[in-house]
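The values are calculated or read from the model by the stated rules, or taken from the named source; none is laboratory data. A quick note: this is a predicted structure, and the numbers were derived from the prediction, not measured. Cβ placement follows ideal geometry from the backbone for every residue including glycine, while neighbour counts extend to all protein chains displayed. The accessibility values were calculated without ligands, DNA or RNA, using every heavy atom of the protein model including side chains. Shrake-Rupley method; radii C 1.70, N 1.55, O 1.52, S 1.80 Å.
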Amino acid sequence: MRATGLGSLPGTDMPAALGMALGTGSPWLPELPARGPGAGMIGRTTAVLEGLGADLQPQGWRLIDGSGADHARARSTLRHDLDDLEEAAQGHAGPVRVTMSGPWTMAACVERPRGDRVLADHGLRRELAESLGIGFADLLAELGRRLPEVSFTAQLDEPSLPAVLAGRVPTASGFSRHRSVDVPMAVDLLARVVQPVKAVVDEVTMHCCAPGLDLDVPDKAGVHVLALPTANLSAAQWDQLGPWLESGRRLALGVADTPVPDQLPGADAVVARVLRIARPLGLDPAVWVEKVDLSPDCGLAGWSELGAGRLLEQLERAAELLPEQLTRCQPG
């Protein structure tokens, strides 16, 4: 059992953030949105798109012919982040996770050239997904050449996917909603990113911090690891996650609430929360220890640097305590 973070950290100092992220049991390349729009979840992902340009408009990121100045800055920021990672990860022999937005969140958040969301255009959202799949795979391959001793993995952040599936994404006017997307279509678009990335790395995580996710989508798209907040999971979803874990796939459980900055749960509280979940599921404790990581519910960009560091420390401590506690609570 390991502790990890999911995506963003506070501050503007990437070397310092990498020191925090690489010190966890499951390290990752963090986002630092405080540096500006090009360093946030959507902006960073536009920087890896292959063959598509973008620019920052008052309403957010928009696809355009060529690349605007903000897109060029986003690409430059990402290149500096990769340089910092290469320096910080010298001598690191374990895995490092690299995060990007998923195709449905990009489609729901990025505008097409003539306005409204990419989500409204079937052809363009497919083109965007394929561009993301190629660009993300290329980036991971480059990192593998830079740091051959590191085993890189990928993470796709899909906070907008439940809203896409339910038809809750507003149109540009705000007076209507984009049509809902069915599960087969959702699987197809997600797989257009997952499959080329899987050709480069062994493990693809999908993180969703919004409630109402249909777990069939990441399952059928070929995702290896789900990162989900425990507070959002229904009884039916827990029933699906048991077989998910027993099949050898992994789970990152959000066991620390993040909306209120610097509100720290102690390690004992995290342990108690996990035990309350584990007991009724009846899974072998070894499955929990080997296949489940502990994480915050979502990113920590709104926290202080001190608070974020302390939260990760508490999760690390809980991960150390839980194997023995899980064995004790096993019936018989």
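Across the stretch 230-255, the number of residues qualifying as open to solvent by less than 30 Å² (accessible area, probe 1.4 Å) and more than 16 Å from the chain's Cα centre (by Cα) comes to 6. Residues that are within 30 Å of residue 59 (Cβ to Cβ), among the basic types (Lys, Arg) and loosely packed, with under 14 Cβ neighbours inside 10 Å do occur in the stretch 174-184.
The conditions of being open to solvent by less than 40 Å² (accessible area, probe 1.4 Å) and either in contact with a helix residue (DSSP H, G or I) (Cβ under 7 Å, 6 or more places away or on another chain) or in a helix (DSSP H, G or I) (or both) are not met by residue 299.
Kindly evaluate residue 227 against the criterion of being open to solvent by less than 10 Å² (accessible area, probe 1.4 Å) and part of a strand (DSSP E or B). Full working, then the answer.
Numbers: open to solvent by less than 10 Å² (accessible area, probe 1.4 Å): yes; part of a strand (DSSP E or B): yes.
Yes; evaluated as a whole, the condition is true for this residue.
Taking residue 23 as meeting all but one of (1) at pLDDT 95 or above; (2) open to solvent by 50 Å² or more (accessible area, probe 1.4 Å); (3) not hydrophobic (A, V, I, L, M, F, W, C), write down the number of the exception. Evaluating residue 23 over (1) at pLDDT 95 or above; (2) open to solvent by 50 Å² or more (accessible area, probe 1.4 Å); (3) not hydrophobic (A, V, I, L, M, F, W, C) leaves (1) as the failure.
Quick one: would you say residue 148 is closer than 28 Å to residue 26 by Cβ, assigned to a loop (DSSP other than H, G, I, E, B) and open to solvent by less than 60 Å² (accessible area, probe 1.4 Å)?
On the way: closer than 28 Å to residue 26 by Cβ: yes; assigned to a loop (DSSP other than H, G, I, E, B): yes; open to solvent by less than 60 Å² (accessible area, probe 1.4 Å): no.
It is false that residue 148 is closer than 28 Å to residue 26 by Cβ, assigned to a loop (DSSP other than H, G, I, E, B) and open to solvent by less than 60 Å² (accessible area, probe 1.4 Å).
Restricting attention to the stretch 126-145, the residues that are charged (D, E, K, R), over 11 Å from residue 192 (Cα atoms) and crowded, with 17+ Cβ neighbours inside 10 Å add up to 0.
Out of 317, 328, I need the residue that is under 23 Å from the mean Cα position of the chain (by Cα) and open to solvent by 60 Å² or more (accessible area, probe 1.4 Å). Which one?
Details: 328 fails: under 23 Å from the mean Cα position of the chain (by Cα).
Only one candidate qualifies: 317.
Going through (1) outside any loop (DSSP other than H, G, I, E, B); (2) touching a residue at least 40 places away in the same chain (Cβ under 8 Å) one by one, residue 276 falls short only on (2). Pairs are defined by a Cβ separation below 6 Å, a sequence spacing of at least 6 or placement on different chains, a first member in the stretch 56-74 that is closer than 17 Å to residue 118 by Cβ, and a second member that is open to solvent by 60 Å² or more (accessible area, probe 1.4 Å) and not in a strand (DSSP E or B); the pairs so defined are 56/37; 63/113; 64/113.
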